[in-house]
Amino acid sequence: MSRESNGDKSLPRYLSFCFSSDGSSLLLWETNSLVIVRLDVASNDGRPFDLGPLLRRDGTQGGPGSILFVAEGRGKMAAIASQGLAGKFLVVLDQSGLPEMSAVLPIGDATPKCLAMSRCNSFVAIGLESRAMLVRLTGGVVNFEWVITMSVRGPDSFEGIRVASQVCNITADGAYAIVATQMRDTHQSSEDGAIHTAVWTCEREAKGPFQLPRCTMPNVLLSYPPLPPPLLNFSHGWESPMLTLLSR
């Protein structure tokens, strides 16, 4: 959403946004800020959530910081926040805003590409290029004893090739996690634009990755201004994913 599109000069030039998994709320945030605004779709009531106090409570001293990604299940939100030299953090918080219902998990200097939260509030998935992280929530609170890392592809498959974009999602019942990774090869090999999609079961001993048939899309996400990332859904009943790419 741009300032020019709505004529309100009090808004930031650009806002990022996403809907909750159940479609009941709209989340908005400015990249160079640690504040998320949650709007209830039915009532149009809004409430800001400042991640700064939560990060400081956990001993993070990283300056102003910024929000990279936001996701919501049903009343429970997750965000990836960057705090400069302090690194990046997964922040999970409740719509009540109560500190005791929130948690902060460091993810180091990794490069997050996407974030998803299950509609049942049981799992959070983070795409980290060559790997994905799956975090379990117990009673709506992060279970620090239940965090697993899954390899998206073989360890040598990223040599000389980088990730152009990545999207992830979790089935509504929290049974499966899915990550689609689009490759970028400046030498324009067959991997340039190739999308590799992998599925895992959401278990401590996750089964997978189950590799789905490869497809190819143009690397239009590298254009400027960037296009929105593709949408990814998966039905284990159909055993197939659905990728939706918005183009000009």
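The values are calculated or read from the model by the stated rules, or taken from the named source; none is laboratory data. Every value quoted in this text rests on a predicted model; they were computed, and no experiment measured them. Heads up, the Cβs are rebuilt from the backbone with ideal geometry, glycines too, and the neighbour counts pull from every protein chain shown.
Which one is modelled with the highest pLDDT among residues in the range 184-232 that are of a type in the set (Gly, Ala, Ser), within 15 Å of SER165 (Cα to Cα) and in contact with a strand residue (DSSP E or B) (Cβ under 9 Å, 6 or more places away or on another chain)? Before the answer, list the steps.
First, pick out the residues of the range 184-232 that are of a type in the set (Gly, Ala, Ser): 189-190, 193-194, 198, 206, 208, 223.
Restricting the remaining residues to those that are within 15 Å of SER165 (Cα to Cα) gives 193-194, 198, 223.
From the residues that got through so far, the ones that are in contact with a strand residue (DSSP E or B) (Cβ under 9 Å, 6 or more places away or on another chain) too are 193-194, 198.
Values: GLY193: 80, ALA194: 83, ALA198: 87.
Looking at residues that are of a type in the set (Gly, Ala, Ser), within 15 Å of SER165 (Cα to Cα) and in contact with a strand residue (DSSP E or B) (Cβ under 9 Å, 6 or more places away or on another chain), I get ALA198.
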| request: Looking only at the range 66-78, decide whether some residue is closer than 30 Å to ARG162 by Cα, among the small types (Gly, Ala, Ser), in contact with a Lys or Arg (Cβ under 6 Å, 6 or more places away or on another chain) and without any contact (Cβ under 8 Å) to a residue 40 or more places away in the chain. | output: no
| Of the numbered conditions (1) surrounded by 16 or more Cβ atoms within 10 Å (Cβ to Cβ); (2) polar (S, T, N, Q); (3) within 24 Å of THR186 (Cβ to Cβ), THR111 satisfies every one except a single condition; which is it? | (1)
| message | Just to verify a result, which residue in the range 86-103, among those that are of a type outside the set (S, T, N, Q) and assigned to a loop (DSSP other than H, G, I, E, B), is surrounded by the fewest Cβ atoms within 10 Å (Cβ to Cβ)? | response | LEU98
| field | Residue that is in a strand (DSSP E or B) and over 23 Å from SER21 (Cα atoms), where the choices are PRO53, PRO64, PRO48, PRO106 | value | PRO106
| query | What is the residue count in the range 80-134 for residues that are among the aromatic types (Phe, Trp, Tyr) and more than 20 Å from ALA206 (Cα to Cα)? | reply | 1
| request: Go through the range 129-182 and give me each residue that's buried (at least 16 other Cβ atoms within 10 Å of the Cβ), among the aromatic types (Phe, Trp, Tyr) and modelled with pLDDT of 85 or more. | output: TYR176
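Residues checked against (1) under 15 Å from the mean Cα position of the chain (by Cα); (2) of a type outside the set (A, V, I, L, M, F, W, C); (3) under 20 Å from ILE80 (Cα atoms); (4) at pLDDT 90 or above:
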| position | (1), (2), (3), (4) |
| --- | --- |
| ARG3 | no, yes, no, no |
| ASN6 | no, yes, no, no |
| LYS9 | no, yes, no, no |
| ARG13 | no, yes, no, no |
| SER16 | yes, yes, yes, no |
| GLY23 | no, yes, no, no |
| LEU28 | yes, no, yes, yes |
| LEU34 | no, no, yes, yes |
| VAL37 | no, no, yes, yes |
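Quick check on the range 67-85: of everything there that is part of a strand (DSSP E or B) and among the small types (Gly, Ala, Ser), which residue is farthest from the chain's Cα centre (by Cα)? Reasoning before the result, please.
Step one: filter the range 67-85 for residues part of a strand (DSSP E or B), giving 67-72, 76-82.
Narrowing the set further to residues that are among the small types (Gly, Ala, Ser) leaves 71, 78-79, 81-82.
Working: ALA71: 6, ALA78: 8, ALA79: 8, ALA81: 11, SER82: 13 Å.
Step by step, filter the range 67-85, then rank; the result is SER82.
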| said: If I filter the range 53-72 down to residues being modelled with pLDDT of 90 or more and not aliphatic (A, V, I, L, M), which single residue comes out as nearest to LEU34 (Cα to Cα)? | reply: SER66
